[in-house]
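Report on the structure given below.
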Amino acid sequence: MKFTETKIKGLYIIELEPKIDERGYLRRVFCKEELKNNGLDFSIVQASQTLTKIRGTIRGMHLQKSPKAEDKIVQCLKGSVYDVAIDLRENSFTYGQWVGEELTADNQKMFLIPKGMAHGYQTLTNDCELQYFMSEFYAPEYSGGVRYNDPDFKIKWPIRNPILSDRDKNWPLLNV
């Protein structure tokens, strides 16, 4: 596994390094020791998968608030998504900044998103499947979010006129 920190402290792109032979491949998608060797303390307590059927759909921008804040590792298993994380950690030097990364089944990249960051993605193909590893159990009473098109963030989503849930359309603006 290769860890590359983005411009936002604690937000990493993880590139898998498959072992390939004539039978196929083996790729490690989680290794507590490799995370620890990169200064990351992450324990999985829950794993989930999503299927998003229609290209252009945005899911996000979601986060789980303290005391149930969670780290996440996100991986695209099928299709292609534009994955985005926004730094909402109040004392962070990069507060309000965002990073976007294309995650595909082919490039095998994963996004490691630390506590205090909002996360979402836009599907670039139909029938996208994502897998999440989380460091905290889902606690709906601590869920929150910000609007995907908040003018304070200026996120450059690849596909205009996205499909959104009512919940995601109505998250608050950051400075309202």
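The values are calculated or read from the model by the stated rules, or taken from the named source; none is laboratory data. Since the structure is predicted, the reported quantities are computational estimates derived from the model, not experimental observations. Note that we place each Cβ from the backbone using ideal geometry, even for glycine, and neighbour counts take in every protein chain shown.
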Original post:
Here is a list of conditions, (1) in a loop (DSSP other than H, G, I, E, B); (2) at negative phi; (3) in contact (Cβ under 8 Å) with a residue 40 or more places away in the chain, and P172 meets all of them except one; can you say which number that is?
Top reply: (3)
Subject >> strands (runs of 3 or more DSSP E) contained entirely in segment 1-83, each with at least 3 residues that are on the phi < 0 side of the Ramachandran plot and surrounded by 19 or more Cβ atoms within 10 Å (Cβ to Cβ) >> reply: 58-64, 72-78
**OP:** Could you please give the count of residues in segment 114-141 that are assigned to a strand (DSSP E or B), over 23 Å from N38 (Cβ atoms) and aromatic (F, W, Y)?
**Re:** 1
**OP:** Could you grab me the full set of residues in segment 1-27 that are of a type in the set (V, I, T) and at pLDDT below 95?
**Re:** I20
Original post:
Do you know which residues across segment 130-173 are touching a Leu at 6+ places or on another chain (Cβ under 6 Å), surrounded by fewer than 17 Cβ atoms within 10 Å (Cβ to Cβ) and over 25 Å from Q108 (Cα atoms)?
Top reply: G144, D152
**OP:** Looking only at segment 125-146, decide whether some residue is among the charged types (D, E, K, R), at positive phi and in contact with a Lys or Arg (Cβ under 9 Å, 6 or more places away or on another chain).
**Re:** yes
Subject >> Test set (1) closer than 17 Å to T4 by Cβ; (2) touching a Cys at 6+ places or on another chain (Cβ under 8 Å); (3) surrounded by 20 or more Cβ atoms within 10 Å (Cβ to Cβ) - T104 fails condition number >> reply: (3)
**OP:** Hey, could you check segment 103-146 for residues that are within 12 Å of A85 (Cα to Cα) and free of Cβ contacts under 8 Å to residues at least 60 places away in the same chain and say which is nearest to the chain's Cα centre (by Cα)?
**Re:** H119
